[in-house]
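The values are calculated or read from the model by the stated rules, or taken from the named source; none is laboratory data. Keep in mind it's a predicted model, so treat the numbers as computed, not measured. When we count neighbours, we look across all protein chains shown, and the Cβ atoms used for this are built from the backbone with ideal geometry, even at glycine.
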Amino acid sequence: MRDGMFGIVYSGNAGFGSGTLIFDNGRVYGADTERGRYDGMYLFNEASGLAEVTLKVTMPANTMSVFGISNPYEWAIDVTAAIDPKLDSGHVAVKSSLGPSLQAQYKFLRGLPDAI
C-alpha cells in the first residue's frame with residue numbers, strides 16, 4: 001500500500017460529502033468537511049491485491065450524515081472498503097454498520113513528508 005494523503009468524495013441516500021484520509025504504515029485517519037473524524041487501519045490482502053480499510057467514523061452532535069441520520073449527541077459507525085493501492089484514483093463501495101452502502105471516489109494527493 002502506498003502511504004500518503006488521499007482526497008475523498010462520497011454520496012449516500014441523503015447527501016454527499018468530502019474529506020481527507022491519511023494512510024500511514026497501517027493506520028488510517030482523517031476528517032471531513034462536516035467535522036466527522038475517521039480513525040482506523042488498513043491491511044494489504046495479497047490474494048486480492050487490495051488494501052482492506054476499516055474505519056470508525058465519529059460524527060459530531062446535531063450534524064446530518066449522508067445516511068439521513070442526525071443525533072443530539074456524538075455518535076459513530078463502522079465502515080469498510082477495499083481499494084486498489086496501485087491506482088492514483090478510483091471508485092469504491094463503502095459498506096457501513098448501518099446497512100446502506102455509500103459510493104465513494106478517492107484520489108492520491110501526495111506522499112507523507114519525511115521527518116525533519
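Observations
- Count of residues meeting criterion [touching a Lys or Arg at 6+ places or on another chain (Cβ under 9 Å) and either surrounded by fewer than 14 Cβ atoms within 10 Å (Cβ to Cβ) or not β-branched (Val, Ile, Thr) (or both)] in the range 69-96: 8
- In the condition set (1) within 17 Å of Gln105 (Cα to Cα); (2) out of contact with any Ser or Thr (no Cβ under 7 Å at 6 or more places or on another chain); (3) free of Cβ contacts under 8 Å to residues at least 60 places away in the same chain; (4) among the hydrophobic types (A, V, I, L, M, F, W, C), Phe44 is compliant with all but (1).
- Selection of the range 49-62 for residues being at pLDDT below 95 and either farther than 20 Å from Gln103 by Cα or among the β-branched types (Val, Ile, Thr) (or both) yields only Gly49.
- Qualifying positions in the range 26-36 - assigned to a strand (DSSP E or B) and not acidic (Asp, Glu): Arg27, Val28, Tyr29, Gly30, Ala31
- Considering residues of the range 97-116 that are of a type in the set (A, V, I, L, M) and surrounded by fewer than 13 Cβ atoms within 10 Å (Cβ to Cβ) only, the residue farthest from the chain's Cα centre (by Cα): Ile116
- Filter result (over 23 Å from Gly68 (Cα atoms) and aliphatic (A, V, I, L, M)) within the range 25-46: Val28, Met41, Leu43
- Hits in the range 3-28 - residues which are surrounded by fewer than 16 Cβ atoms within 10 Å (Cβ to Cβ) and among the β-branched types (Val, Ile, Thr): Val9, Thr20
- Flag if Val53 is in a strand (DSSP E or B), in contact with a Phe, Trp or Tyr (Cβ under 7 Å, 6 or more places away or on another chain), within 20 Å of Ser11 (Cβ to Cβ) and touching a residue at least 12 places away in the same chain (Cβ under 8 Å): yes
- Candidate set: the range 34-68, residues that are over 23 Å from Arg2 (Cβ atoms) and among the β-branched types (Val, Ile, Thr); chosen: the one surrounded by the most Cβ atoms within 10 Å (Cβ to Cβ): Val66
- Residue within the range 7-25 that is in contact (Cβ under 8 Å) with a residue 60 or more places away in the chain, over 29 Å from Pro113 (Cβ atoms) and in a loop (DSSP other than H, G, I, E, B) present: yes
- Options Ser89, Ser96; residue that is at pLDDT below 95 and of a type in the set (Ser, Thr, Tyr): Ser96
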